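Everything on this sheet refers to the single structure shown next.
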C-alpha cells in the first residue's frame, strides 16, 4: 500500500496537534521494533508479516486469527482505571457532571478499517500475559479519515488489570463501508445534514476517494486521550457483544469442551466418560448434524440422554470472523441453531466456540444480535494439541501439552475425538485434573449457569 508523502505529513501534523491537547498516555508511536513508548513489548502472533518504517508499522494479514499486540506495561497487569483517575481533574471523574468527557483509545492508521480492536484483561493472579478475557469493537464503526476514537467504556473488561491492545480479526468485507448508492469503482461518502437520522448500524464512515486495499494496514500512533475531540464525527454507541471466556469462573471447576470428531470413536469416548463419571460439553456443527451417513445426530442424542451438554459450533466450521459479509456470519449462526432444533430437539444453547478459536468484533456482535440473553464465546486455557500431535511420531505429547496448561492454571480444555490416541488419553486427563482437587463438569456449569 502506497501513501503520498504529503498525505502522511498532513495526517501526522493533525494527529500531533490532537496529541498536544488531548493525550494522557502515548502507548505506541512505532519508533522501535522491539518495544513501544511505554517500554513494553509489542509484536505479532506467529505468521503475521509486518515491516517497520519511520513512525509506523505496516501489517500484512493473511488470516483473521493473526494480530498485532502492544502491551500497556512491562509488568503483567496495568491499572488503567487508576491511571485515568489520576490523569483527570476531579470534576471530570464524576459521570454525572456536565463537564464529564470520557477517556478514549485513539488510533491513527492508514488503510481500510476492516479489523477488530481489542482490550485484554489478564488473569486474576497477573501471572504471565495469559489473558482471562478481552472485549473487541469493529474499527469501521469508529473510523474517520484515518483516525479512531473508542470510549474506554466500550471495552467491557476489568480495566484494573489490562494486558494490552490488539489489532486483529482481519477481513475483506468492505460492503459495510460502501454508501447506499451505486458506486462500483471506489468509495466516497459525505453525509448531508439531513441524513443524521440514518440508522446507526448503517452509519459507517466512508470518505475514501480510491478503491479500498484490504491487503495491509499501517498503524502510526496509539494512545489514550482524556476526551474525544468535539469535532470528531464518529461517536457510535456500544453494540452488545458476546462475553468471551477461556477460563471457568466457578472456583474449583474444570470443563472439557469437545468438538466434532469421528462417529466411530464416539462409543469408546462415551465409555471413558461413563466409567469416569464425568460430564462434558460437546460442540456440534450444523452440517455434521445434517449428515445422515455420519449419524452425528444419533451420537449427540445419546450424549444428551446421558446428561452431557451439546452446544453450537457454526454451520460449516469456517473462520467466521474472516467471512466476506455479515450475512455469511449470520448464516453460520442461524443455520447451526436450526439444525440443533430440528435434529436434536433442543433450542439454541448460548455457547459458541468459534472454529479454530478465531474471534473478532463482528462475530461477537452478530452472536449477541441473534442469541439472547447473554451469549458466551468459548475459547480455551488448556489445549491438548491433538491437531499438532496425533499424526506425529510422538502422540504422547498430547498429554504433555494438556498437563502443562493445567499446571499453568488453565481450567477450560478443548479437544477433538478424531484419533484413537486422543480418546485414549482422555481417561488420564480426567484423573490428572481430579488429582489436583478440581471438579470436572460441563462448560455451562463451570461458568455458573
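The values are calculated or read from the model by the stated rules, or taken from the named source; none is laboratory data. Source: prediction; values computed, not measured. Cβ sites come from the backbone with ideal geometry, for glycine too, and all protein chains shown count toward neighbours.
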Kindly check whether there is at least one residue in the range 248-255 that is in a strand (DSSP E or B), in the same structural domain as residue 30 (by TED's automatic domain parsing) and modelled with pLDDT of 95 or more.
no
Which numbered condition in (1) outside any strand (DSSP E or B); (2) modelled with pLDDT of 95 or more; (3) touching a strand residue (DSSP E or B) at 6+ places or on another chain (Cβ under 7 Å) is the only one that residue 117 fails?
(1)
Hits in the range 425-443 - residues which are farther than 16 Å from residue 415 by Cα and either touching a helix residue (DSSP H, G or I) at 6+ places or on another chain (Cβ under 9 Å) or not assigned by TED's automatic domain parsing to the domain that holds residue 248 (or both):
436, 438, 439
Taking into account only those residues within the range 150-176 that are under 13 Å from the mean Cα position of the chain (by Cα) and assigned to a strand (DSSP E or B), which is nearest to residue 47 (Cα to Cα)?
168
Does residue 370 qualify as being touching a helix residue (DSSP H, G or I) at 6+ places or on another chain (Cβ under 8 Å), surrounded by fewer than 17 Cβ atoms within 10 Å (Cβ to Cβ), within 26 Å of residue 168 (Cβ to Cβ) and not assigned by TED's automatic domain parsing to the domain that holds residue 116?
yes
Consider residue 323 carefully, then state whether it is within 17 Å of residue 263 (Cα to Cα), modelled with pLDDT of 95 or more and assigned by TED's automatic domain parsing to the domain that holds residue 441.
no
Residue ranges of helices (runs of 4 or more DSSP H) in the range 271-382 with at least 3 members over 17 Å from the mean Cα position of the chain (by Cα)
286-290, 296-305, 326-344
Assess whether residue 299 counts as being modelled with pLDDT under 95 and touching a helix residue (DSSP H, G or I) at 6+ places or on another chain (Cβ under 7 Å).
yes
The lone condition residue 127 fails out of (1) assigned to a loop (DSSP other than H, G, I, E, B); (2) modelled with pLDDT of 95 or more is (2)
Just one of the numbered conditions (1) more than 20 Å from the chain's Cα centre (by Cα); (2) at pLDDT below 95 is not true of residue 147; which one?
(2)
Consider residue 307 carefully, then state whether it is surrounded by fewer than 18 Cβ atoms within 10 Å (Cβ to Cβ) and over 29 Å from residue 62 (Cβ atoms).
yes
For the subset of the range 427-449 comprising residues that are over 21 Å from residue 267 (Cβ atoms) and assigned to a loop (DSSP other than H, G, I, E, B), which member is modelled with the lowest pLDDT?
449
Taking the range 410-420 only, how many residues are buried (at least 17 other Cβ atoms within 10 Å of the Cβ), outside any loop (DSSP other than H, G, I, E, B) and out of contact with any strand residue (DSSP E or B) (no Cβ under 8 Å at 6 or more places or on another chain)?
0
